[in-house]
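Written out below as structure tokens is the structure these notes cover.
The values are calculated or read from the model by the stated rules, or taken from the named source; none is laboratory data. Note that the structure is a prediction, hence the values are computed from the model and not measured. All Cβ positions, glycine included, derive from the backbone under ideal geometry; neighbour counts span all protein chains shown. What goes into the accessible areas is simple: the full protein's heavy atoms, side chains included, and nothing from ligands, DNA or RNA. Shrake-Rupley method; radii C 1.70, N 1.55, O 1.52, S 1.80 Å.
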Amino acid sequence: MAVSRRGFVGSVLAGSALAATSTTELLGALARPAYAASPVGDVVGKVSVGYQGWFSAPGDSAPIGGWWHWGRDRFQPPSPANTTIVSWPDMREYTRGYPTAYPNLGNGSPATLFSSYDQQTVDTHFRWMQEHGCDTAALQRFNPFGDEGPTRDAMTQKVRSAAERHGRKFYIMYDVTSWTNMQSELKTDWTTKMSAHTASPAYARQNGRPVVCIWGFGFDDPGRPFAPAPCLEVVNWFKAQGCYVIGGVPTYWRQGVNDSRAGFLDVYHAFNMLSPWMVGRTGTLEGLDWFHTNVNVPDLADCAARGIDYQPCVMPGDLSSGHRRHGDFYWRHLYNMIRLGAQGLYVSMFDEYNEGNQIAKTSETQATTPAGAGIRSLDEDGVACSADYYLRITADGGRMLKGQIALTPVRPTPPVLGGTPPPPGGDLAAGRPTAESSHTQIYGSGNVVDGDPNSYWESVNGVFPQWVQVDLGATRTVGRVVLRLPPSAAWGTRTQTLAAHGSTDGTSFGTLVAAAGRTFDPATGNQVTLTVAAAQTRYVRITVTGNTGWPAGQLSALEVYAS
């Protein structure tokens, strides 16, 4: 099993030894034409995300077998005593979960985890990337010449397929941690296996060349003991193969101090793009500002002077250590790097539940987290955050990078859409895709899942039946459906004749709740609850055949809860 980067790279305190760089030198370098080293491509001008794809579970058919990366002993089910994770994934959109030895969730449901080896898991992740402006995924590839190799080979194909389906780009990011024979084996792996994937239209290219990243040269730790000469030879070899080569390098690469060994500057300068590591370096806003001024500004000046693209690492913060500040930490990091003039961003990481710096959907509350396991949920500092919050911040940060919204230090992303905290137990329909038979004017189906009690769906008038539905993203055991109209007294009491139907494929629907008149009364919150007999369904459809208050189907909310 590859060792976590955190295991090798500890926090480096701000204020450590730095090479002096004068203001005049910095301004002069930033003014040179080389400041824009490359045109916009699949990494320059784009948001890239680190993708581990390294979780497996018994029964998923992964060659490596067991609970890969979920537990220290992969042949025993993960539990509070056998774990490598510090955050819990939001499991509502995966079609399959694998039972663990963790206690039940706070809401009483079994504690299950996903497998990256399930193609649906990878498709779900790449759909999230598509929906939230993550342009390119950097697929992590540790030494594939051991027992991990067959599983990592298969994961590359799964990532390629998902990227092609969802219009995303991907590239191979080699991590040389503990890879003794990396100088020869990197070349063998590329020529015999990985280079074939560059034929995919989804494989990332920059300046017309396939992108490869090598992470770990020059780090001052026993897991990467390589001398400068073989590292430089590897970089130049990949460039000779026609590749655009990114270097995942130490934070203090320019000075050769702290996390960087001396004597590697020629290696670093040989890369086409540099992406210095930042995870574990700071957990405060003040620390981010310090690094911006004292590290990132001179970093960019050095790169600009040499025609090297600069892709700084940005991070949401370690959830387990309380760094996130309900999104303010992540936004400050995005803002600092974009105002700096970085040519691209590398988000660390997409699915890193082991280190707590994942942006993928995460448990919102203790209701969806194993009870008593000591795992923090997204509301850990008292602010309710939706499971997709850090994906939505990423989307807004990407828009700011691309000039689609103004540069701003003020986070524009609300922790919960509509400003309403998620209900206890979790509304499975919140923010999910919708469909409808029809709508009038601006009253489309998306209004029933946006969390705003005053927006609503209204069908065309004078024609029944009409319907509105939500796609839960995966088949769920549904036990309750809550329907609402705007709570204002201006909405007089009305009875809508409606039924609830369910489907696992979006085509064939069965009855969940039979048609009946349901009264919406402002005095009781304009709310109706339908009880479902624990049905397995993915698509929930409400069919309206009559309305005493208006000749149309009307709903401001369609909420779905597990049984």
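Around GLY546, under 14 Å between beta carbons, what's the net of Lys plus Arg minus Asp minus Glu among the other residues?
+2
Leaving ligands, DNA and RNA out of it, report the carbon-plus-sulfur percent of the accessible area of the chain at a 1.4 Å probe.
53 percent
Report the far tail of the P(r) of the stretch 317-396, meaning the percent of Cα-Cα pairs longer than 22 Å.
22 percent
Rounded to the nearest 5, what is the percent of antiparallel bridges among the DSSP beta bridges in the chain?
60 percent
Using R₀ = 41 Å, calculate the FRET efficiency as 1/(1 + (r/R₀)^6) where r is the Cβ-Cβ separation of ALA262 and ASP73; round to 0.05.
The computed FRET efficiency comes out at 0.60.
Find how much the distance from ILE405 to THR531 grows on full extension, using 0.36 nm per residue of separation minus their present alpha carbon separation; answer in nm with one decimal.
Taking 0.36 nm per residue and subtracting the Cα distance, the gain is 41.0 nm.
Quick one: net charge around TYR98, please, counting Lys, Arg +1 and Asp, Glu -1 for every other residue with C-beta under 10 Å from its C-beta.
-1
Give me the distance in nm between label points sitting 7 Å out from Cα along the Cα-to-Cβ direction at THR180 and ALA490, one decimal.
Label at THR180, label at ALA490, 7.5 nm between them.
Solvent-accessible area per residue for the chain at a 1.4 Å probe radius, Å²?
Value returned for the chain: 35 Å² of accessible area per residue.
Could you give the length gained by full extension between THR548 and GLN441, i.e. 0.36 nm per residue of separation minus their alpha carbon distance, to one decimal place?
Additional length available on full extension: 36.4 nm.
How would the stretch 511-561 be classified by its alpha-carbon gyration tensor: rounded, prolate or oblate, with rounded meaning a/c under 1.5 and the a/b versus b/c comparison settling the rest?
Numbers: a/c = 1.99, a/b = 1.53, b/c = 1.30.
Note, shape of the stretch 511-561 comes out prolate.
Using the Karplus equation 6.51 cos²θ - 1.76 cosθ + 1.60 (θ = phi - 60°), what ³J(HN,Hα) coupling, rounded to whole Hz, does each residue of the stretch 346-353 give in order, writing x for Gly and Pro?
10, 8, 10, 9, 7, 10, 8, 6
Which net charge results for the neighbourhood of SER377, defined as the other residues with beta-carbon distances under 10 angstrom from its beta-carbon, given Lys and Arg at +1 and Asp and Glu at -1?
Once positives and negatives cancel, what remains is -3.
What distance in nm separates the simple spin-label points at GLN241 and PHE145, each placed 7 Å from Cα in the Cβ direction?
1.4 nm
Would you kindly give the portion of the calculated P(r) for the stretch 243-314 that falls above 15 Å, as a percent of all Cα pairs?
51 percent
How large is ³J(HN,Hα), in whole Hz, for each residue of the stretch 88-96 in order, when computed from phi with the Karplus curve 6.51 cos²θ - 1.76 cosθ + 1.60 and θ = phi - 60°, using x for Gly and Pro?
Karplus values, whole Hz, x for Gly and Pro: 10, x, 6, 9, 5, 9, 8, 6, 9.
Return the inverse of the average 1/r over all pairs of distinct C-alpha atoms in the stretch 362-492, which is the Kirkwood hydrodynamic radius, in Å to one decimal.
17.2 Å
Please compute P(r) over all alpha-carbon pairs of the chain, binned at 10 Å starting from zero, and give each bin as a whole-number percent.
Over the chain, the share of Cα pairs per 10 Å bin runs 3, 17, 26, 24, 16, 9, 4, 1, 0 percent.
Report, please, the projected area of the stretch 310-355 averaged over directions, based on the convex hull of its C-alpha atoms, in nm².
Projected over every direction and averaged, the Cα hull of the stretch 310-355 covers 3.2 nm².
Based on C-alpha coordinates, I'd like the Rg and Dmax of the stretch 149-277, in Å.
In Å, with Rg to one decimal and Dmax whole: 14.8, 44.
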